[in-house]
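For reference, the structure is listed below as structure tokens.
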């Protein structure tokens, strides 16, 4: 998605079946990233008493964002009735009016790439879902599920859709004539001279989610016992399964963002793979030298850091450039995750250290390492300056909007569950469930009135019958 | 009658079990336990954050024996459970006042 225009296809009805298949499969892969990929990754990293709540925050995001996206999300992100370069009119395509028969060619390819607009809607829907779900890692163990379920639709409406519109929908952070980049470096024939690079969502997804995570962690506060009691991951194999599923699904995320099964999609696939390999090795090397051991959680985290960093850059780098970008991303994120203890905020599962840090690096690194126009390839500083500009813009918009929503919810619904309940475990209090039934003794069917005479007598009757 | 209780390393359990069977015991009860002695715990690192894990997994083994067998059974367990490294565990003996076999109602030494 390096360009921002979505022209109608020249020949309506002339659908490119290869591209359409590709986009639908890729959209399904991105859904796999959230549920169960991210849910497992985050779930394994929490303590055993809160894994269900952690996974439910991903499932919950899937539920509400899917609905909101179809109702007004797509219209706000990709509608053509632009409002100040910030959003598009939410009512233009409300409920996907007039989208059903429409065919688009997002990048205006010649001779191929016509896909049904609904395929594009579905693909973009999955991006909104995972971006919201990513934030949940910062607030593990302690947040009312009801408040989360209100936060998510508000946040995607006020932060995600606007930033998606700005970057991909022809708004302020795109390569359009009216964008910030055109303001700084001018435009030619309706397009910015230096088009910002964000192929698959470094700003829209990762900087956005990472910044929101930081703000939420600050507003909501630390878990009971943060920095004192043991909060180690309770199921590392789940973390590794989740990271593996994220990696697999990410091919839909990155390669799919080309929206056609062409040579760029192939390049993106290779770049995504090697950057992730390099990031995992980079993270493990930092651990080996700093802590003396290469860990499993480190490998899984390095994978995610690499995927995050290559996301904006994957269409512009060479495979070797991708290795460099990935290695730095893994090492940087490995160093960044320790910051929360020094700075004293409880970003429980390191959404800031992984997504914000690697997202910033990937977005800015794309300016340094882009084969065309990158600083290290003799392209001058222009591209890098533009990249820093869009990164800072995304940080600012996400930070301010999230702060307003978080404070408003704090004052009204409240974020935290009671302290004693948090200590007992959020799964029991918020969902009335336990993830693991390891000692199934001393329990029976029946309501909260523990052991009513009726159920007990019917039980003993059954036993009589069995004799 | 005596109750012999042993806390041993989990991976020594099979050797201890075989040695006790060879000695002639017909049963035993084991449970998973956690604890530490002079061995102390160990440390784990997750994303650079170091945690000290004080309690390490152990196996608790219990057998009921006749008074005259108690000392020999302790010897058998110690010999089989010994690796010579710190954390091998402990064995102790306490007197048992009464005993019943649930199936038959037999009491005392008959129930062992």
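The values are calculated or read from the model by the stated rules, or taken from the named source; none is laboratory data. Note that the structure is a prediction, hence the values are computed from the model and not measured. Cβ coordinates were reconstructed from backbone atoms using ideal geometry, including for glycine residues, and neighbour counts include every protein chain displayed.
A few remarks follow.
- Count of residues meeting criterion [outside any loop (DSSP other than H, G, I, E, B) and more than 20 Å from the chain's Cα centre (by Cα)] in the stretch B:92-112: 6
- Residue in the stretch A:223-239 that is assigned to a helix (DSSP H, G or I), closer than 30 Å to residue A:170 by Cα and under 17 Å from the mean Cα position of the chain (by Cα) present: no
- The stretch A:286-298, subset outside any helix (DSSP H, G or I) and touching a helix residue (DSSP H, G or I) at 6+ places or on another chain (Cβ under 8 Å), residue farthest from residue A:38 (Cα to Cα): A:293
- Exactly one residue out of A:301, A:322, A:316 is crowded, with 20+ Cβ neighbours inside 10 Å and assigned to a loop (DSSP other than H, G, I, E, B): that is A:316.
- Check on residue B:63, within 22 Å of residue B:100 (Cα to Cα) and modelled with pLDDT of 95 or more: yes
- Against the conditions (1) part of a helix (DSSP H, G or I); (2) within 14 Å of chain B (Cβ to nearest Cβ); (3) crowded, with 24+ Cβ neighbours inside 10 Å, residue A:348 satisfies every one except (1).
- Matching entry among A:62, A:55, A:76 (being part of a helix (DSSP H, G or I) and touching a strand residue (DSSP E or B) at 6+ places or on another chain (Cβ under 7 Å)): A:76
- Here residue A:379 passes the criteria (1) in a loop (DSSP other than H, G, I, E, B); (2) within 14 Å of chain B (Cβ to nearest Cβ); (3) under 22 Å from residue A:310 (Cβ atoms) except the one numbered (2).
- Taking the criterion of being assigned to a helix (DSSP H, G or I), within 11 Å of chain B (Cβ to nearest Cβ) and touching a residue at least 24 places away in the same chain (Cβ under 8 Å), the residues of the stretch A:325-339 that qualify are A:333, A:334, A:335.
- Some residue of the stretch A:262-285 being outside any helix (DSSP H, G or I) and under 30 Å from residue A:17 (Cβ atoms): yes
- Checked against (1) buried (at least 19 other Cβ atoms within 10 Å of the Cβ); (2) touching a helix residue (DSSP H, G or I) at 6+ places or on another chain (Cβ under 9 Å); (3) not in a helix (DSSP H, G or I), residue A:47 meets all criteria but (2).
- Single unsatisfied condition, residue B:59 versus (1) touching a helix residue (DSSP H, G or I) at 6+ places or on another chain (Cβ under 8 Å); (2) surrounded by fewer than 13 Cβ atoms within 10 Å (Cβ to Cβ); (3) touching a residue at least 24 places away in the same chain (Cβ under 8 Å): (2)
- Condition met for residue A:373 (more than 14 Å from chain B (Cβ to nearest Cβ), modelled with pLDDT under 95 and touching a helix residue (DSSP H, G or I) at 6+ places or on another chain (Cβ under 8 Å)): yes
- Only one entry of A:275, A:305, A:243, A:300 meets the criterion of being on the phi < 0 side of the Ramachandran plot, modelled with pLDDT of 95 or more and either touching a strand residue (DSSP E or B) at 6+ places or on another chain (Cβ under 8 Å) or away from chain B (no Cβ under 14 Å) (or both), and that entry is A:275.
- Taking the stretch A:253-266 as the range and being buried (at least 24 other Cβ atoms within 10 Å of the Cβ) and in contact with a helix residue (DSSP H, G or I) (Cβ under 7 Å, 6 or more places away or on another chain) as the test, the residues that pass are A:253, A:254, A:255, A:256, A:258, A:259.
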